[in-house]
Each structure stands twice: as C-alpha cells, then as structure tokens.
Amino acid sequence: MKQELEKAISMAISTGKVKLGYNAAIKSVLSGKVKVTIISNNLPLDSKEILLRNCELSQIPIIQYEKTGLDLGAACGRPHMVSTIAILDPGNSKILDYL
C-alpha cells in the first residue's frame, strides 16, 4: 500500500496541482481549495495541531504518510524534506482513493 501511495503522490505532482511544504499547504487549506492534505510523520507537533484543526474546520481529509519528510520528498521527486503536501487537483492520480 505504501508503494501505491507513493506512486499516487508522484502522479498527482506530475499531472495535477499541488502545493509542497507546510507554509504553502496551510495557506491553501485556509483558502479552502484543497482536496486532501498529506503530512509526514515527523511534522512538528505544534504545526501538526494547527494543520489538523484547520483541515477539520474546512472539512479537508488528511492522509498520514507513515515515513519521514525526507521519504515524502523522495516520493515527490525532490532532493529535500517535504513535511506537507496539499493536493489542489489530483490530476490522473488515484490519491483520493486512499481516504
């Protein structure tokens, strides 16, 4: 399932519209344009609480990625950490099937 989720993330990045990183994700969540948010397991607790609260208020589902931000960055094709991904448009990806 993890590999399938990573493929879905990669497909969403290449064919859809996403915002990478906590700051970009929280701004998108507050605008209400996000379909789903993906968070890594090492997102700092205070940031995680703020994001969870805002997603709950906006009724945006969250997928908890079970690996670190480095692994999430690698799944995105990036050579750096990515703690949060906001999916605005999933494109051809099946990412919404993981809810």
Margin query: Condition first: closer than 19 Å to Ile95 by Cα and among the polar types (S, T, N, Q). Now tell me which residues in the range 39-57 satisfy that.
Written below: Ser40, Asn41
Item checked: Elements of type strands (runs of 3 or more DSSP E) contained in the range 16-67, each with 3 or more residues being under 12 Å from the mean Cα position of the chain (by Cα) and hydrophobic (A, V, I, L, M, F, W, C) -> 36-39
Next item on the list: Search the range 1-23 for residues that are in contact (Cβ under 8 Å) with a residue 12 or more places away in the chain and aliphatic (A, V, I, L, M) and pair each with any residue that is in a helix (DSSP H, G or I) and surrounded by 13 or more Cβ atoms within 10 Å (Cβ to Cβ) when their beta-carbon atoms are under 7 Å apart and the residues are at least 6 apart or on different chains.
Entry: Leu5/Tyr98; Ala8/Ile95; Ala8/Tyr98; Ile9/Ala75; Ile9/Ile95; Ala12/Ile95; Val18/Ala12
Check: Do we find that Thr68 is surrounded by 15 or more Cβ atoms within 10 Å (Cβ to Cβ) and at pLDDT 95 or above in this structure?
Finding: no
Notebook entry, point to check: Mind checking which residues of the range 45-99 are among the aliphatic types (A, V, I, L, M), without any contact (Cβ under 8 Å) to a residue 12 or more places away in the chain and farther than 16 Å from Ala8 by Cβ?
Noted result: Leu45, Leu52, Leu57, Leu70
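The values are calculated or read from the model by the stated rules, or taken from the named source; none is laboratory data. A quick note: this is a predicted structure, and the numbers were derived from the prediction, not measured. Cβ atoms come from the backbone with ideal geometry, glycine included; neighbour counts cover every protein chain shown.
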